[in-house]
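Chemist: The following block contains the structure, expressed as C-alpha cells.
The values are calculated or read from the model by the stated rules, or taken from the named source; none is laboratory data. Not measured: the values here are computed from a predicted model. Using ideal geometry, Cβ is built from the backbone for each residue, glycine included, and neighbour counts are taken over all protein chains shown. Side chains are part of the model used for accessible areas, which takes the heavy atoms of the whole protein and leaves out ligands, DNA and RNA. Shrake-Rupley method; radii C 1.70, N 1.55, O 1.52, S 1.80 Å.
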Amino acid sequence: MLYKLFAPRRLDSVDAIRCLCCSEFLLWLMEYPAMAFDLVDSHMYCLFEALHDTSPKVRECCLVGVSRLCTTEPRVQRACLQLVKKYKQSVLLIAVADKEWLLCELAIRLLMSCLRDSPGLLSVEEIATIEGLMFDQNRGVAQAAAEVFVHQYLHRKEDEATRIRRVVTFFKRFPEHEHAAYLVDALIERSNVLLAWAPMVEMLLKGEVEGEKEQQQHEDTIIIELLTQAVKQAITGEIPPGRYTKDLDKRAPMAGAKQTATQILAPVMAKLLRKHKENIVNLKNLLELPQYFELEAEECVEHWPQLIKRLQNIFYHQRDLTVIRTAAETLEKINMPATWQGIKEILSTAVTSYRMELRNWYATARTQATNKSRDNRLIERLQLVSVLFRHFDLTQCQLLPTALQSLEQCLSEAEGRLPRGTIHLYLEICSHGLMWEQRIIMKDAATAEDIQERCEGLKATLTGVIRMAFKVLKSMPNRSFPYALTTICDLFVLFGYHLQQHTSAAVRSLMYQPTIEDFELLEAHLMMHLFEAEEPKELLQEHAFDELHKKRQALAGYCKLVAFNVVPVMRFRFVLQFYDKFYDAFGDLMRSAMEKALDVNATNYGMTLMHTCLLVFSRVMNGEEQLEDLLKLAKRLAETLSGDLLNSRKGVLALHRAGIYFAAQRQENSLVGSPPQSLLYLSVLEKFVLQLLSQDKIVILKLLSEQIPAELPSCRREEWKPLECYRTALELALKFSCRRAEYEAMEQY
C-alpha cells in the first residue's frame, strides 16, 4: 500500500491528497522505527520533499512530521539529522520568508532541535538571520528565535552583567528595529537575563570609564530601555502593541514581580533620574518605572520625598513635552497621602508661575512689539499647566474662564494679542476644565445637591469654547487644525447623548446637540487636510512622521463621533471612500470606528457601506476614477463584515437589497433589451457575496431574478456581464453550501 498508493500519489494535484500521503509516511516511520534506517534512501526523503510544496498545509504536515521523528530512537534521529542538513536551505527559507507564521515557527523549532545535537549545523550568518526574527511581528516566531539566541549566548555559566552585555551587544547589531519591547517580549519567558534588575541598576550607577564615555552612555540607554520594558511586561503581563499572538487573553503578571521591582528600584530612582537627567530618552523611560511600583510599600514611602523633588525639578527645567507628560502621568500614579503635600506644592507653583509669566508678558508687550524669549517662557509655563490639568483637578484655580478669555485675545486682531503658539494650549486647558467641571457636577448630582445654576453656567462656557474652537478651525486651518478639530470632537462626545440617560434634569440639559453645519465643516477640513492634501505614499515617509501623527490625531477625533454614535453613521461615507487608498496611514483608525458602528446598528452600517461605494461609483461613471479602485475598496470594506457573520447579517442583507434596487433602476427613455444604466454596480456587490449567510443567498437570488430577469439578449451579452458574474457568484456559493437542496429546488421551479 505504501509503495503502490501513497508514494505515487504524493505528487497529486489535490492539496489534501498530498497532505494525506505526507501524514502516511510519518505514521509508517513512527510505527516501524526499525525500518526507518532502511527507508532513508527510498521513502524518508519523500517526507522532506514536501518542504518544497506549494500548499502551506502540506509544508506544515512535513515540518510537524520531521519534528516528531527527531524525538524517536537515536538511529532515526541521526537519519533525520542527515536529511535536515541536506534540506537545510529549504527549512531556512521557510523559517525566514514563509508567509505563514505557524510554518516559520515550526521551521525555527526544528532547526533548534537539530542544533542541540549538531552545533555546527548553521553558520554564524544563518544563526544571525534567525536571531533577527526576535523582532518579528508574530510572538510565536519571535520566541522560537529567542530559543536559538539563548542556546547560542546565554546558556553558559557567566555572571549576570556579562549576560546582560550580550543582550545589549545583540540589540546594537540591529539598529534599524529600535524596538526593545519586542526583544524583551521574545526573551522574557525564555531566559531570566531580563529579570536581573539588580545587576542592571549596578551597571547604570557605575561611574564612567575614561575614554569610553560615549560607548557607555549608549549602553546605558539600551539597558534602561530594556529594564523599563521588562518591568512593565513582568508586572502588567501586557505584550507590546502590534505584536500578534493567539493567547492574548491568557497573559498574566509574573508572581512577585511588583514587589521585586519596588525593592530594587524605589531606593535608587532619584539617583538614576539625577545621573541621566541630560538624556531625554533615558529620562522618559526612567520616569515610567514608578508607575509600576507597589505604592504602599515601605521602600516607596521612604523615598517618595526625593522622587517628588526630582519630578519638580524636571517640570521646571525640562523642555521636552514627552518627558513632561510622562512625569505628570507618574505624579498622578503616586498620588497618595504620603505625597499629597509635595504634589499640592507642585500644582500650586505651576499655576502661580504661569500667572506671573502672563503678567510679565502683558507688562513687556506694551513696550516691546516682539520678544521670542518672552513668548517662549509663557508657552512653557502654559504647557506645564495644561499637562498637569489633564491629570489633576485645578478647577479651584479658575483656569477655565481665564483660558477662554485668553483664547479670544489670541484670535483677535488687536495689538498686543497673545502669541499664536498658545492657541492649542488654551484649547487643551478649556477642554480639561470642562471635563473636570462635568465630573464634579455629576458627583454632586448623585448627592442630590442643587446644581441647576452651575449647569447653566457650564453649558454657556461649553458653547463658548466650541464656538472659539470652530473659529480657530476657520481662521488658522494649517497650524491649529488637529488641535481644534480634536477639541471639538472630544467635547461633542463628552457632552453627547449619554447625558440623556441621567436622572437629573439639570445634568440632561448639559447635552450639546451639534448641527449639520458643524459636521459639514469638520468633514470639509478633513478632506482638505487629510485626503486631498498629499498622496498616501508621502505621508508614510520618515520626514513626514510628525505631520502624519497630527493628521491621525485629527481623524481619531472624528472617528470617536462615529464610534459613540454622535454623528449619523451615514456621514462616515465621506471618510470611508478613502479607506483603501489611505489604508496604510489611517486604516486602523477607520476599521476601529467601523467595528463600533456595526455593533451600534448593523443595518445602518450596511447602508453606509452601500453609499460609500456609490460615492466612488459616481466618479467611475463620470470617468474620474477606475473601476479597479472601486472594487479594491469594496473588497476592503467587505472584510469588516467577515468577523461575525451573524452580527453583520442585517447590514449585509440591507447592502445587497439596496444595491440590487439601485442597479435595476431604468431611465424612462431606455431602449428595450438594453441593460440598466447602473448595472455595473453589481460588480461591486459581488465582492460582498461571501459575507451572506447561505439562507440569505437564496433570498438575494430570488430578489435579483425579480428585479432583473434572467433572459439576456445575445447581441448585448457583454453589457449584461456584471449581472451574469453576480448571479454566478451567488449560485456557486449555494452549490457548495448546506442550502444546496433548496437552491436546486428553486432552480427546478
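Chemist: Quick one: what Rg and Dmax do you get for the range 425-517 from the alpha carbons, in Å?
Modeler: 13.9, 46
Chemist: I would also like to ask the following. Can you tell me the accessible area per residue over the chain, all protein chains present, probe 1.4 angstrom, in square angstrom?
Modeler: 49 Å²
Chemist: If the cut-off is a Cα-Cα distance under 19 Å, which lysines reach LYS57, setting aside same-chain residues fewer than 8 apart in sequence?
Modeler: Straight-distance partners of LYS57: LYS99, LYS246.
Chemist: Taking the Cα atoms of the range 350-447 alone, what are Rg (to one decimal) and Dmax (as a whole number) in Å?
Modeler: In Å, with Rg to one decimal and Dmax whole: 14.6, 52.
Chemist: A follow-up question, please. In the range 529-603, if every C-alpha pair distance is counted and binned at 10 Å from zero, what percent goes to each bin?
Modeler: 19, 53, 23, 5, 0
Chemist: Taking the range 524-618, which GluC sites (Glu not before Pro) meet the DSSP loop condition and have no more than 10 other C-beta atoms within 10 Å? Walk me through the numbers on the way to the answer.
Modeler: Details: sites: GLU532, GLU534, GLU538, GLU542, GLU547, GLU595; in loops: GLU532, GLU534.
For GluC sites (Glu not before Pro) across the range 524-618 that sit outside H, G, I, E and B with at most 10 neighbouring Cβ atoms in 10 Å, the list reads GLU532.
Chemist: Whole number please: convex hull volume per residue of the Cα set in the range 149-304, in Å³?
Modeler: On the way: hull volume 20.7 nm³, N = 156.
Looking at the range 149-304, the number lands at 133 Å³ per residue.
Chemist: Given all pairs of different Cα atoms, what value in angstroms does the Kirkwood hydrodynamic radius of the chain take? Can you show the working numbers first?
Modeler: Details: mean 1/r = 0.0318 Å⁻¹.
Across the chain, the inverse of the average 1/r is 31.4 Å.
Chemist: Further, regarding this structure: Note the direction-averaged projected area, equal to a quarter of the hull surface, for the Cα convex hull of the range 204-291, in nm².
Modeler: The orientation-averaged projected area of the Cα hull of the range 204-291 comes to 6.8 nm².
Chemist: Then there is this: Determine the distance separating the Cα centre of the range 546-580 from the Cα centre of the range 336-372; give it in Å without decimals.
Modeler: Between the Cα centres of the range 546-580 and the range 336-372 lies a distance of 36 Å.
Chemist: Could you work out the local net charge near TYR558, counting Lys and Arg as +1, Asp and Glu as -1, over the other residues with Cβ closer than 12 Å to its Cβ?
Modeler: Working: positive: LYS551, ARG552, LYS560, ARG571; negative: ASP490, ASP518, GLU523.
So the surrounding residues net to +1.
Chemist: I would also like to ask the following. Please report the orientation-averaged projected area of the range 96-187, defined via the convex hull of its C-alpha atoms, in nm². Mind showing how you got there, number by number?
Modeler: Working: hull surface 23.7 nm².
Directional mean of the projected Cα hull area for the range 96-187 stands at 5.9 nm².
Chemist: Mind giving me the nanometre distance, one decimal, between the label points for LEU540 and LEU690, set 7 Å out from Cα along Cα→Cβ?
Modeler: 2.1 nm
Chemist: State whether the range 561-636 is rounded, prolate or oblate according to the following rule on the C-alpha gyration tensor (a ≥ b ≥ c being the square roots of its eigenvalues): a/c under 1.5 gives rounded; otherwise a/b larger than b/c gives prolate, and the remaining case gives oblate.
Modeler: Details: a/c = 2.31, a/b = 1.61, b/c = 1.43.
It is prolate, given that a/c is not under 1.5 and a/b is the larger ratio.
Chemist: Report, in deg cm²/dmol and to the nearest 500, the calculated mean residue ellipticity at 222 nm for the chain, where each DSSP H run with n ≥ 4 adds -39500 (n - 2.57) and the sum is divided by the residue count. Could you put the intermediate results ahead of the total?
Modeler: Details: 37 runs with 487 residues, N = 749.
-20500 deg cm²/dmol, from helical runs alone.
Chemist: If you take the alpha carbon radius of gyration of the range 596-676 and divide it by 2.2 N^0.38 Å, what ratio comes out, to two decimals? Can you show the working numbers first?
Modeler: Details: Rg = 14.6 Å, N = 81, 2.2 N^0.38 = 11.7 Å.
Compared with the compact-globule rule of thumb, the range 596-676 sits at 1.25.
Chemist: Below 16 Å, Cα to Cα, which aspartates and glutamates can LYS86 reach? Residues fewer than 8 away in the same chain don't count.
Modeler: LYS86 reaches ASP41, GLU49, ASP117, GLU126.
Chemist: Run the accessible area of the chain with a 1.4 Å probe and give the carbon-and-sulfur part as a rounded percent. Provide the component values of the computation, followed by the final result.
Modeler: Numbers: 18850 of 36980 Å².
That fraction is 51 percent.
Chemist: Expressed in nm to one decimal, what extension gain is obtained for the pair LYS213 and LEU93 from 0.36 nm per residue of sequence separation less their Cα-Cα distance?
Modeler: 39.1 nm
Chemist: Okay, next question. Structure shown: which of LYS333/LYS581; LYS333/LYS560; LYS309/LYS471; LYS258/LYS344; LYS344/LYS550; LYS232/LYS344 lie over 30 Å apart, alpha-carbon to alpha-carbon?
Modeler: From LYS333/LYS581; LYS333/LYS560; LYS309/LYS471; LYS258/LYS344; LYS344/LYS550; LYS232/LYS344, over 30 Å: LYS333/LYS581; LYS309/LYS471; LYS344/LYS550.
Chemist: Could you compute the net charge surrounding TRP304? Neighbours are other residues with a C-beta less than 12 Å from the C-beta of TRP304; K and R count +1, D and E count -1.
Modeler: Working: positive: LYS309, ARG310, LYS333; negative: GLU296, GLU298, GLU299, GLU302.
Its environment carries a net charge of -1.
Chemist: Further, regarding this structure: Using a Cα-Cα cut-off of under 19 Å, which lysines could be cross-linked to LYS172, ignoring same-chain neighbours fewer than 8 residues away?
Modeler: Counting by Cα, and skipping residues close in sequence, LYS172 has these lysines nearby: LYS213.
Chemist: In nm, to one decimal, how far is the MET336 label point from the THR364 one, both placed 7 Å along Cα→Cβ?
Modeler: Between MET336 and THR364, the simple spin-label model gives 4.2 nm.
Chemist: Here's a follow-up. Give me the distance between the Cα centres of the range 91-162 and the range 262-292, rounded to whole Å.
Modeler: The two parts, judged by their Cα centres, are 33 Å apart.
Chemist: To continue, here is another question. Distance from a point 7 Å along Cα→Cβ of ARG454 to each backbone N in the range 378-400: keep the residues under 18 Å and list them by number.
Modeler: Residues 392-400 qualify, since their backbone N sits under 18 Å from the label point.
Chemist: Sticking with this one: When Lys and Arg each count +1 and Asp and Glu each count -1, what net charge do the other residues less than 13 Å away from THR260, Cβ to Cβ, add up to? Let's see the in-between values first.
Modeler: On the way: positive: LYS258; negative: GLU294, GLU299.
Local net charge: -1.
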